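Enquirer: Sending over a structure as structure tokens; questions will come in a sec.
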Amino acid sequence: MYQDGAVRAPYARLEDWMRTMPAEFRQMKQAEAEALFRRIGITFAVYGEGGDPDRLIPFDMFPRVFTATEWGKLERGIKQRARALNAFLVDVYGRGEIVRAGRIPARLVYQNEAYEKAVVGFVPPKGVYSHIVGIDLVRTGAEDFFVLEDNCRTPSGVSYMLENREIMMRMFPDLFRENRIQPVDSYSDRLRRTLASVAPAKCRGEPTVVLLTPGHFNSAYYEHSFLADLMGVELVEGQDLFVEGEYCWMRTTEGPKRVDVIYRRIDDAFLDPLCFNPSSMLGVPGLMDVYRSGGVSICSAPGAGVADDKAVYTYVPEMVRFYLGEEPLLQNVPTWQCAKADDLKYVLDKMEELVVKEVHGSGGYGMLVGPKSSKAEVEAFRHKVMEDPDNYIAQPTLALSTTPTFVQEGIAPRHVDLRPYCLVGESIDLVPGGLTRVALKEGSLVVNSSQGGGVKDTWVLAE
């Protein structure tokens, strides 16, 4: 917020609001926000842990603010990256030109556990594999943004982006009258349009879209039902769908109804027990045959996960150059691949200075933040890396930017990241905002909700 001792321009109008808010009023509003979240039902679960299975993600009332100019630069970079990732997916399930050209090692693609041989040779409608791309960004300076990772399968958290805004508007309507803040509430309409735009070749007329959920025991079930409701589409489980002939059908009280587009929120392995995991009770037997024959679209497409592997991530700037003939507008965090002998030696020598991550890890698990870890923790992790170096990458601990955050003592800086949601269909669309996650523990760099992180509203100011 502060730059050379002065308040940065985007936050200028919030300074008085922040300084004149009595502690009692702030605590009252914080309690009101928590009550609203619980009443609405926005909770999450952490698998494998005891205690309350329906937790609230802490909500910080101090918004994160971007100027229109800052957002414009991010938007161009995010859309460029989404185009390149989709071009990569079409290529590696086709001719594999980027591998043939030696720009990415074949083993990282074809031996990747997320590479699905079942879709080799198939090009999904409009050439789109990843329809909702969540790109996690960190800021390290006034003009410097880096991509931490790409989420090309089923990035979660968009319900928080929408509900954070709704709750802030309810609690502080004056702030929205005094500041020209671009809206995010069109996201569900844009998502519905994006899904409809990739209807399959055999679709006739207005496509029928459904959202496929694993069910109410899933940690993100609230988000699934929330988005289905906002889009005005049916929320279905695998048992609600069946395959007959060339199409997928939905069971309804009026008889079977043909389904054209499935926005799936379940993993590839559980989509079709006849094609993937035979013990899956969550999917639809025969679905992949219908998909490959052009009878139904699946968003995001099976196999999209190979593009968001943390080892493949290091080659995304090269994808931008190879497929688009452009220089990447957003840079990666410098990354060492432990599968490479020289990189492994460096990581083992400098582990206490680095962030080391499992290639397939998520949620803040399977990682070591060297500077914040004890010698014993570093040594234990070093042995893990030595046993299976291919499973790890490492990155420097960046000087992440902070934003003002309400804490017990008042206001303090806390580290944040940002996940915008880029929609890819017939065109590429991006709402002006995203999910800002905040590390509420002092000095912490881990923003994941499962690790004690919270969320903020994200403002993009109009010109």
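The values are calculated or read from the model by the stated rules, or taken from the named source; none is laboratory data. Because the structure is predicted, anything quoted here is derived from the model rather than measured. Here Cβ is always computed from backbone atoms with ideal geometry, including for glycine, and neighbour counts include all displayed protein chains. Protein only, heavy atoms only, side chains kept; ligands, DNA and RNA dropped before computing areas. Shrake-Rupley method; radii C 1.70, N 1.55, O 1.52, S 1.80 Å.
Enquirer: Considering only segment 316-345, how many residues are open to solvent by 20 Å² or more (accessible area, probe 1.4 Å) and free of Cβ contacts under 8 Å to residues at least 40 places away in the same chain?
Expert: The qualifying residues number 7.
Enquirer: Further question: Quick one: in segment 118-133, which of the residues that are more than 23 Å from Val431 (Cα to Cα), among the hydrophobic types (A, V, I, L, M, F, W, C) and in contact (Cβ under 8 Å) with a residue 40 or more places away in the chain is least open to solvent (accessible area, probe 1.4 Å)?
Expert: Ranking the qualifying residues of segment 118-133, first place goes to Val119.
Enquirer: Determine, yes or no, whether Lys456 is open to solvent by less than 40 Å² (accessible area, probe 1.4 Å) and among the basic types (Lys, Arg).
Expert: yes
Enquirer: I'm trying to understand the selection: among the residues of segment 134-143, which are open to solvent by 30 Å² or more (accessible area, probe 1.4 Å) and farther than 29 Å from Ser159 by Cβ?
Expert: Passing the criteria: Ala142, Glu143.
Enquirer: Shifting gears a bit: Can you tell me which residues in segment 355-397 are without any contact (Cβ under 8 Å) to a residue 12 or more places away in the chain and open to solvent by less than 40 Å² (accessible area, probe 1.4 Å)?
Expert: Gly366
Enquirer: So, of the residues in segment 90-131 that are at pLDDT 95 or above and among the acidic types (Asp, Glu), which turns out to be farthest from Pro200 (Cα to Cα)?
Expert: My answer is Glu97.
Enquirer: Criterion first (closer than 13 Å to Leu89 by Cβ, touching a strand residue (DSSP E or B) at 6+ places or on another chain (Cβ under 7 Å) and in contact (Cβ under 8 Å) with a residue 60 or more places away in the chain) does Ala307 satisfy it?
Expert: Criteria met by Ala307.
Enquirer: Report the residue count in segment 236-266 for those that are part of a loop (DSSP other than H, G, I, E, B) and among the β-branched types (Val, Ile, Thr).
Expert: Number satisfying all stated conditions: 3.
Enquirer: Further question on the same structure: Kindly indicate whether Leu400 is surrounded by 16 or more Cβ atoms within 10 Å (Cβ to Cβ) and modelled with pLDDT under 85.
Expert: Spelling it out, Leu400 is indeed surrounded by 16 or more Cβ atoms within 10 Å (Cβ to Cβ) and modelled with pLDDT under 85.
Enquirer: At least 1 residues that are farther than 24 Å from Thr154 by Cα in each: list the strands (runs of 3 or more DSSP E) lying fully within segment 346-463 that qualify.
Expert: 354-358, 367-369, 392-396, 402-407, 410-419, 454-460
Enquirer: Report yes if some residue within segment 238-255 is more than 26 Å from Asp272 (Cβ to Cβ) and either among the hydrophobic types (A, V, I, L, M, F, W, C) or in contact with a Cys (Cβ under 9 Å, 6 or more places away or on another chain) (or both); otherwise report no.
Expert: The answer is no; no qualifying residue exists.
Enquirer: I'm trying to understand the selection: among the residues of segment 282-309, which are farther than 14 Å from Val243 by Cβ, open to solvent by 10 Å² or more (accessible area, probe 1.4 Å) and part of a helix (DSSP H, G or I)?
Expert: Listed by number, the list holds a single entry, Asp308.
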